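What follows is one structure encoded as structure tokens, with my remarks underneath.
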Amino acid sequence: AMLDPDSGLSLTIARIVQRLKGSSLHSQLERQARVSLHKPEIKLESLKEDIKDFLKTSGWEKKLQNAVYSELNVFPSPCHPAAPPEHMKEPLAYMRKAQGSWEKRILKSLNSMCTELSIPLAQKRPVNEQKELLNKWNEMGTDEPDLSLFRPVYAPKDFLEVLMNLRNPNYENGEQPSFRNHLGLIQVPLKVKDIPELKEDFSELGLNIGQLGIDDSAQVPPEFFENEHVRIGQKVLAEQDSAAAQQYVRQGCPTALRADLWALILNISNQPEDILYYEQLKSNVIQYDLLVDSLIYKDVKLTASNDDYYFVFEDYLYQVLLCFSRDTSVLEHFTYSSATPPKSYIRGKLGMEEYAVFYPPNGVIPFHGFSMYVAPLCFLYHEPSKLYQIFREMYVRFFFRLHSISSHPSGIVSLCLLFETLLQTHLPQLFYHLREIGAQPLRISFKWMVRAFSGYLATDQLLLLWDRILGYNSLEILAVLAAAVFAFRAVNLMEVTSLAAAEAVLADLSTLKVMPLLQIFLFATVT
């Protein structure tokens, strides 16, 4: 049920006030206001206004504005007060149910690994091991533990099988009038956008608008656009306004400004208390050994360590991912995620809630390829606590949606459906051909989307893509790009006669240029 705008607004305001109350920003603002009382320009008779003016001129008002903007970007608009809390997680009951049974499968896989290898989920490290880990914290990659017995809890293709079996129980045997002609692997009727709607949403990517990542735009000589764009970018940074930064990056970030612009959009400022928090997470890693540590270790070894771009960041990846698994503040995102953090019970106390703990402490079980969410960020941030905060914020805003079952427009189910619908509508011949030879396009593109293309595109191209994810606060562009890649390779794909051959045509995306592909697909496709 939608609320009328006014009561929706007042609920939103109440929630934001509530959430900011406990924040360090709140106590800083109070402290600043108290300090300002000693300033000569603050007069008793106009106290409230004078303090407001002081907070404005001293930049604190901007900080508050950015914090509010950040809340609005992350949290969904409030449900009707009468709606049950699980509606904020996911409005459709069958999606919640499917997510629940998928979680049971993951846990079963994790627990059977524990039993097989007879290792506990968590144990305190002996003191000598703690010292050793502390000493090699910055070179964990040199370690070669035997991880042959560990296996990823699941890989993207296992997850795709689950999504292919999703059905809406209200529609028996596919009696969904508008949906009956959808011939893709995803068989749930969600509303996805068509090209005209996407054009409107992504209007800043239009052919007559300057873009970073397009070398030969007919309209504007690229170097002219770039110099001007850099100048505006510096101004946006000087203003310290998150909303302006978000609008700005829709046309791409100049390399030299990207790290600061992303941090501004995500409202990450790496304060002393953030650095301290990171150090606490680190000391938790040093003291306790979790089963997920081995999964993280194995994942980095299987993915990033073999990647030409990312292998140099191996040590950063361990640090960030091990700390992430211990971070209980990540649990907060489960209020608006369809997922539920897994629970573990203290030995002998199964089912007794007072002995339940979330496992891992952040509630997120890593899967094959998870470390690739962090890898590209290592190019931008070299200070571990800053890198860590940026990743955590990217995760709770975006990446969690790529591995949970939901009806959200940026959720993986909608992205799959959007991808298939775009292909079926705009490249029907290609779509039918691939389907006939048993090479359903989604079988190939799914892993790209789940990883937000990390590890598939060249890094400079990936960063231009992620600029737009941040700029539009949406993951839909992943599905559009996946379809654009098929369109770009359509001639070769029309000639293949097997899934393996189709996969070979699309095996290497490292030479692709993201922005021209997106532009051509969205703005030069005949609709």
Could you pull the Rg and Dmax for region 386-459, using just the Cα atoms, both in Å?
14.8, 49
Quote to one decimal, in nm, the extra length available between Q32 and S58 on full extension: 0.36 nm per residue of separation minus the C-alpha distance between them.
8.4 nm
As a quick test, which of the pairs K56/K235; K136/K301; K131/K282; K301/K447; K157/K199 have an alpha carbon distance above 20 angstrom in this structure?
K157/K199
For A122, the residues 5 or more places away or on another chain with a placed amide H closer than 5 Å to its own amide H are L291
The chain - convex hull of alpha carbons, volume per residue in Å³:
195
What does the convex hull of the Cα atoms come to per residue for region 7-78, in Å³?
92
Length gained if R125 through D508 is fully extended, taking 0.36 nm per residue and subtracting the Cα-Cα distance, is 133.6 nm
Sketch the reach of a paramagnetic label on E161 as a point 7 Å from Cα along Cα-to-Cβ, and name the residues of region 356-373 whose backbone nitrogen lies under 18 Å away.
367-369
Gap in Å between the Cα centre of region 285-344 and the Cα centre of region 386-437?
22
Could you pull out every one of the aspartates and glutamates with an alpha carbon less than 13 Å from that of K39, ignoring same-chain neighbours closer than 8 positions?
D50, D53
Please give the per residue accessible area of region 320-429, computed with a probe of 1.4 Å over protein heavy atoms only, in Å².
31
If you take all C-alpha pairs in region 83-183, what percent of them are over 22 Å apart?
59
Which ³J(HN,Hα) values in Hz, rounded to whole numbers, follow from the phi angles of region 425-442 under the Karplus curve 6.51 cos²θ - 1.76 cosθ + 1.60, where θ = phi - 60° and Gly and Pro get x?
7, 9, 9, x, 4, 4, 4, 5, 4, 5, 5, 4, 8, x, 10, 3, x, 5
Note down the net charge around A245, summing +1 for each Lys or Arg and -1 for each Asp or Glu among other residues with Cβ under 10 Å from its Cβ.
-3
For region 305-451, shape from the Cα gyration tensor axes a ≥ b ≥ c, cut at a/c of 1.5 then a/b versus b/c, turns out oblate
Tell me, rounded to the nearest percent, the portion of alpha carbon pairs in region 236-343 spaced more than 17 Å apart.
69
Just the ratio, please: alpha-carbon radius of gyration of region 405-527 over 2.2 N^0.38 Å, N its number of residues.
0.99
Mind checking the log10 I(q)/I(0) for region 350-430 at q = 0.21, 0.24, 0.26 Å⁻¹? Debye, one equal scatterer per Cα, no solvent, two decimals.
-1.03, -1.13, -1.19
Under the 7 Å Cα-to-Cβ spin-label approximation, D201 and E273 lie apart by a distance in nanometres of 3.6
V192 neighbourhood, Cβ < 14 Å, K/R = +1, D/E = -1, net charge -3
Show that you can apply the helix-only estimate: for the chain, add -39,500 (n - 2.57) for every DSSP H stretch of four or more residues, divide by all residues, and state [θ] at 222 nm to the nearest 500.
-16500 deg cm²/dmol
Keeping the other protein chains in place, figure out the carbon and sulfur percent of the accessible area of the chain, with a 1.4 Å probe.
56
What does the charge count around V312 come to, taking other residues whose C-beta lies under 15 Å from its C-beta (Lys +1, Arg +1, Asp -1, Glu -1)?
-4
Tell me, what HN-Hα J-couplings in whole Hz come from the Karplus equation 6.51 cos²θ - 1.76 cosθ + 1.60 at θ = phi - 60° for each residue of region 487-501, using x for Gly and Pro?
4, 5, 9, 4, 4, 5, 5, 5, 8, 7, 10, 8, 4, 4, 5
Give the long-range amide H neighbours of K343: residues separated by 5 or more places, or on another chain, with amide H under 5 Å away, using H modelled in the peptide plane at 1.01 Å from N.
Y359
Excluding ligands, DNA and RNA, what is the solvent-accessible area per residue of region 7-78 at a probe of 1.4 Å, expressed in Å²?
65
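The values are calculated or read from the model by the stated rules, or taken from the named source; none is laboratory data. Source: prediction; values computed, not measured. Every residue, glycine among them, receives a Cβ derived from its backbone with ideal geometry; neighbour counts consider all protein chains shown. We work out accessible area using only protein heavy atoms, side chains counted, and drop any ligands, DNA or RNA first. Shrake-Rupley method; radii C 1.70, N 1.55, O 1.52, S 1.80 Å.
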